[in-house]
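J.: Sharing a structure, written as structure tokens. Questions coming.
The values are calculated or read from the model by the stated rules, or taken from the named source; none is laboratory data. From a predicted model like this one, the values you see are computed outputs, not experimental measurements. Because the Cβ atoms are built from the backbone with ideal geometry, glycine has one as well, and the counts that use them run over all protein chains shown.
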Amino acid sequence: MPHALRRCLACASPSLVERVALHDARTGTRSVALGLVQCARCGHVQLPASAERDRALHTIAADVTPSRPAAAMDAWLSAQRTLPKSGESKLLVDVGSSKGEMLLAASRIGWRVCGVEPAAELAQAANAAGAPSICAYFDESVAREIRERYGSGARAIVATNVIANVEQLDEFLGAAGTALDESGVLIVETQYLRDTIEGVMLDTIHHDHLSYFSAESLGAALGRAGFGIVDIERVPAKGGSLRAAARLGVGHGEKHAALVAEERRAGLRDAEYFAPFSRTLQQCASELDRLLGSQAYERVAGYGSSIGCGTVIAQFALEGRLEFLVDESIGEGREDRAFGLRVLSAGELVRSAPEAVVVLAWRFADQIATKTREYLEGGGAFIVPLREVHVIGRKGSAV
Ligand SMILES: [Zn+2]
């Protein structure tokens, strides 16, 4: 069962203050408390409660993140400049290595590689493809196993879209320190708090996404584990992320200090910083409610069934209003379930032709509209709920 988070995930302080209040969301049969709280000491923003490590949930999350291998590759290529020139080790470790795509590419240019992947079927696929992978959550014992197996520490560890999902952050970063060579580099990429809040990316807030890092709080967490951030930048991945390279036994560098200074100027530590996010949600919720009511739609579906779509459903009180969900990842003639609703294929959307579809995956609304012209041309309408409620199709803009 989820339990109340009593201490900051990044610095262990018990002083946590609420910044964003959200309705609880449903995951399968469970209800999960959502919202954001901020640590008064280090400024780290996180969920108010954290689900216990759940292998089934993580397996699903890993399986539905096709962008991860590409992001890992991108992070790895960009991080080359931070790698030490000297040092014997040519071992690269990818944490959350999926099917080993990045490892295979690195091994082709002479790296020894090791993946760590908790989802069994992904780790098996990686091993079968020739990318040696340990099926486990990354922790101290895995770090020691890697050192033993390869006879040295890693020259680089890549963790892309991983640390935000880690509950035992100190243990995870401590293990990275154990697995790294003395001069090795830890490369992390994680969604950036500023992009989440300023972009009102409601759908990035969900039960599996425990931490919402700022440069400051990432520095606090890495600093506690003995790391200094030697390079950090904002990258567009996942709607806006931070990519950082960290080394043991050094202090944080100038680029980190510059980002933290920008965060101070933007007021990331203040309650007011989060107010426009909550205000936009409230405005969109009432506008959506008014629109659905005034049009008297009898049949409304939702587009998107990923984990973050559950947050959108809960926040906009759509549970009783949606007849079914549509997801293009569902094969023709197949059916799945999410948030207590049936999930059908894009083809079924055309055949079933609901009067309107709320685009839960709202950031991709334009792409979705392009892919589903047939539904729109047949008289359908897409209602995009964020950041301003608008309609694509029948009663709104031309397609
Ligand atoms: Zn803290």
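J.: Going by what's in this entry, would Ala179 be described as without any contact (Cβ under 8 Å) to a residue 40 or more places away in the chain and surrounded by 24 or more Cβ atoms within 10 Å (Cβ to Cβ)?
T.: No: the conditions fail for Ala179.
J.: Just to be sure I understand the filter: pairs with C-beta atoms under 7 Å, separated by 6 or more residues or on different chains, first member in the stretch 255-278 and in contact (Cβ under 8 Å) with a residue 40 or more places away in the chain, second member among the hydroxyl-bearing types (Ser, Thr, Tyr) and surrounded by 15 or more Cβ atoms within 10 Å (Cβ to Cβ). Which pairs pass?
T.: Pairs found: Glu263/Ser214; Ala266/Tyr273; Leu268/Ser214.
J.: Under 7 Å between Cβ atoms, at least 6 apart or on separate chains: pull out the pairs that start in the stretch 370-396 with a residue that is in the same structural domain as Glu355 (by TED's automatic domain parsing) and farther than 17 Å from Ala353 by Cβ and end on any residue that is crowded, with 17+ Cβ neighbours inside 10 Å and of a type in the set (S, T, N, Q).
T.: none
J.: List, please: which pairs have Cβ atoms under 9 Å, are six or more places apart or on different chains, and start with a residue in the stretch 40-54 that is more than 7 Å from the ligand (Cβ to nearest atom) and end with one that is among the aromatic types (Phe, Trp, Tyr) and modelled with pLDDT of 70 or more?
T.: Val45/Tyr212; Val45/Phe213; Val45/Phe274; Gln46/Tyr212; Leu47/Tyr212; Arg53/Tyr137
J.: Another question, if that's okay. For the stretch 252-283, give me each residue that is under 27 Å from Ala175 (Cα atoms) and loosely packed, with under 13 Cβ neighbours inside 10 Å.
T.: Residue satisfying the conditions is Glu254 alone.
For (1) assigned to a loop (DSSP other than H, G, I, E, B); (2) at pLDDT below 80; (3) surrounded by fewer than 15 Cβ atoms within 10 Å (Cβ to Cβ); (4) at positive phi, each residue gets a yes or a no:
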position	(1), (2), (3), (4)
Glu18	no, no, yes, no
Gly43	yes, no, no, yes
Leu57	no, yes, no, no
Ala61	no, yes, no, no
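J.: Could you check the stretch 286-310 and list, in sequence order, the residues that are closer than 30 Å to Val17 by Cβ and either touching a Cys at 6+ places or on another chain (Cβ under 9 Å) or in contact (Cβ under 8 Å) with a residue 60 or more places away in the chain (or both)?
T.: Residues satisfying the conditions are Glu287, Leu288, Ser306, Ile307, Gly308, Cys309, Gly310.
J.: Would you check which residues across the stretch 197-232 are more than 14 Å from the ligand (Cβ to nearest atom), surrounded by fewer than 21 Cβ atoms within 10 Å (Cβ to Cβ) and under 13 Å from Gly251 (Cα atoms) and list them?
T.: Matches in the stretch 197-232: Gly226, Gly228, Val230, Asp231.
J.: Return the residues of the stretch 323-358 that are surrounded by fewer than 17 Cβ atoms within 10 Å (Cβ to Cβ), without any contact (Cβ under 8 Å) to a residue 60 or more places away in the chain and among the polar types (S, T, N, Q); say none if nothing qualifies.
T.: The answer is Ser352, and nothing else.
J.: Which one of these does Phe138 not meet: (1) of a type in the set (Phe, Trp, Tyr); (2) at pLDDT 95 or above; (3) surrounded by fewer than 21 Cβ atoms within 10 Å (Cβ to Cβ)?
T.: For Phe138, the failing item is (3).
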